[in-house]
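Asker: I am attaching a structure below and will ask some questions about it afterwards.
The values are calculated or read from the model by the stated rules, or taken from the named source; none is laboratory data. Everything numeric here is computed off the predicted structure, so don't read it as measured data. A quick note on method: Cβ atoms are made from the backbone with ideal geometry, for glycine too, and the neighbour counts reach across all protein chains shown.
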Amino acid sequence: EDQVTQSPEALRLQEGESSSLNCSYTVSGLRGLFWYRQDPGKGPEFLFTLYSAGEEKEKERLKATLTKKESFLHITAPKPEDSATYLCAVKGDQAGTALIFGKGTTLSVSS
Amino acid sequence: NAGVTQTPKFQVLKTGQSMTLQCAQDMNHNSMYWYRQDPGMGLRLIYYSASEGTTDKGEVPNGYNVSRLNKREFSLRLESAAPSQTSVYFCASDRGIYTDTQYFGPGTRLTVL
């Protein structure tokens, strides 16, 4: 069964304190791993797609990496506006084109 | 270009009442999806439509029906609402390619009393 596990559930950082969020996955035939950001009361907003082990993508203070078993979302020198819930999801052979989501990591950055 | 839109934004129902959640996309996407999001459970797939004229069950389809009205619109119906259906509902769409990115609407917050 396809499964996505995110850790930690919640993370509190000081402004400028870099850290990483983890997404471990078990999927039959990975088609893509997706990171989304979700603000309270809003829908998920797309950040990155990773397709194969070793791939990396960057956007401002965020960098996503992928191995055969997990993905990391690295946050460098975060700012309060980076506070949100970060969702990881995968597409695999068994679920068609639907996404299998983890439960998310809620990040709080204080100034 | 509005992307994915959903109506209504909020709804309160009494147990046993029915309602339809509406979703529309203007990106010419082939596939559309309905998810529900509950605290501590993450997003779970209710139904999806791979292309116009087709629908399939997801992980949690019980108590719901869907209609793919045309390429743009995909509705979710609760025939007899139950308190267990209190949730936030998200519609999403993509081109229907395995590797494609899904784009989400703003959500409908439903409370069933």
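Asker: Could you give every pair whose Cβ atoms fall below 8 Å, whose first residue belongs to region B:18-33 and is more than 14 Å from chain A (Cβ to nearest Cβ) and touching a residue at least 40 places away in the same chain (Cβ under 8 Å), and whose second residue is part of a loop (DSSP other than H, G, I, E, B) and acidic (Asp, Glu), counting only separations of at least 6 or pairs across chains?
Answerer: The qualifying pairs are B:Ser18/B:Glu79.
Asker: Still on this structure: Given the options B:Pro83, B:Pro39, name the one that is under 25 Å from A:Phe34 (Cα atoms) and exposed (fewer than 14 other Cβ atoms within 10 Å of the Cβ).
Answerer: Being under 25 Å from A:Phe34 (Cα atoms) and exposed (fewer than 14 other Cβ atoms within 10 Å of the Cβ) holds for just one of B:Pro83, B:Pro39, which is B:Pro39.
Asker: Filter region B:52-95 down to the residues that are closer than 25 Å to B:Met27 by Cβ, part of a loop (DSSP other than H, G, I, E, B), in contact with a Lys or Arg (Cβ under 8 Å, 6 or more places away or on another chain) and more than 10 Å from chain A (Cβ to nearest Cβ) and list them by number.
Answerer: Residues satisfying the conditions are B:Glu52, B:Gly53, B:Thr54, B:Thr55.
Asker: Here's something else I'd like to know. Can you confirm whether B:Ser31 is surrounded by 19 or more Cβ atoms within 10 Å (Cβ to Cβ) and within 29 Å of A:Phe48 (Cα to Cα)?
Answerer: Values: surrounded by 19 or more Cβ atoms within 10 Å (Cβ to Cβ): yes; within 29 Å of A:Phe48 (Cα to Cα): yes.
Considered against the rule, which asks whether it is surrounded by 19 or more Cβ atoms within 10 Å (Cβ to Cβ) and within 29 Å of A:Phe48 (Cα to Cα), B:Ser31 comes out as yes.
Asker: Can A:Ser52 be described as more than 12 Å from chain B (Cβ to nearest Cβ), more than 19 Å from B:Gly42 (Cα to Cα) and loosely packed, with under 12 Cβ neighbours inside 10 Å?
Answerer: Numbers: more than 12 Å from chain B (Cβ to nearest Cβ): no; more than 19 Å from B:Gly42 (Cα to Cα): yes; loosely packed, with under 12 Cβ neighbours inside 10 Å: yes.
So A:Ser52 does not fit the description; no.
Asker: Identify, by number, the condition in (1) within 12 Å of chain A (Cβ to nearest Cβ); (2) exposed (fewer than 14 other Cβ atoms within 10 Å of the Cβ); (3) small (Gly, Ala, Ser) that B:Ser49 doesn't meet.
Answerer: (2)
Asker: If I filter region A:79-107 down to residues being touching a residue at least 40 places away in the same chain (Cβ under 8 Å), over 27 Å from A:Gly29 (Cα atoms) and under 15 Å from the mean Cα position of the chain (by Cα), which single residue comes out as farthest from the other protein chains (Cβ to nearest Cβ)?
Answerer: Only one residue fits best here, namely A:Leu107.
Asker: List the strands (runs of 3 or more DSSP E) inside region A:1-109, counting only whole elements, that have at least 3 residues being closer than 23 Å to B:Asp100 by Cβ.
Answerer: A:3-7, A:19-26, A:30-38, A:45-50, A:56-59, A:62-66, A:70-75, A:84-92
Asker: Sort out which residues of region B:73-109 are closer than 15 Å to B:Leu43 by Cα and among the hydrophobic types (A, V, I, L, M, F, W, C), and write them in order of number.
Answerer: Result: B:Val88, B:Phe90, B:Cys91, B:Ala92, B:Phe104.
Asker: Something else: Which members of region A:1-24 meet the condition of being modelled with pLDDT of 95 or more and closer than 30 Å to B:Gln6 by Cα?
Answerer: Answer for region A:1-24, where residues must be modelled with pLDDT of 95 or more and closer than 30 Å to B:Gln6 by Cα: A:Val4, A:Thr5, A:Gln6, A:Glu9, A:Ala10, A:Cys23.
Asker: Quick test for you: out of B:Tyr64, B:Tyr33, B:Tyr89, pick the one residue that is out of contact with any Phe, Trp or Tyr (no Cβ under 6 Å at 6 or more places or on another chain) and closer than 22 Å to A:Gln3 by Cα.
Answerer: Going through B:Tyr64, B:Tyr33, B:Tyr89 in turn, just one is out of contact with any Phe, Trp or Tyr (no Cβ under 6 Å at 6 or more places or on another chain) and closer than 22 Å to A:Gln3 by Cα: B:Tyr89.
Asker: OK, next. Quick one: in region B:1-18, which of the residues that are among the aliphatic types (A, V, I, L, M) and surrounded by 17 or more Cβ atoms within 10 Å (Cβ to Cβ) is nearest to B:Ser67 (Cα to Cα)?
Answerer: Only one residue fits best here, namely B:Val4.
Asker: Just the residues that are closer than 14 Å to A:Thr49 by Cα and surrounded by 20 or more Cβ atoms within 10 Å (Cβ to Cβ), please, taken from region A:68-96.
Answerer: Correct list: A:Ser71, A:Leu73, A:Tyr86, A:Leu87, A:Cys88, A:Ala89, A:Val90, A:Lys91, A:Gly92.
Asker: Pairs, please: C-beta under 9 Å, at least 6 apart or cross-chain, first residue among the acidic types (Asp, Glu) and in region A:17-32, second exposed (fewer than 15 other Cβ atoms within 10 Å of the Cβ)?
Answerer: If the second residue must be exposed (fewer than 15 other Cβ atoms within 10 Å of the Cβ), the pairs left are A:Glu17/A:Ala77.
Asker: Follow-up. Filter region B:96-113 for residues that are outside any loop (DSSP other than H, G, I, E, B), surrounded by fewer than 21 Cβ atoms within 10 Å (Cβ to Cβ) and at the interface with another protein chain (Cβ under 10 Å from one of its Cβ atoms) and give the result.
Answerer: Listed by number, the residues that qualify are B:Tyr103, B:Arg109.
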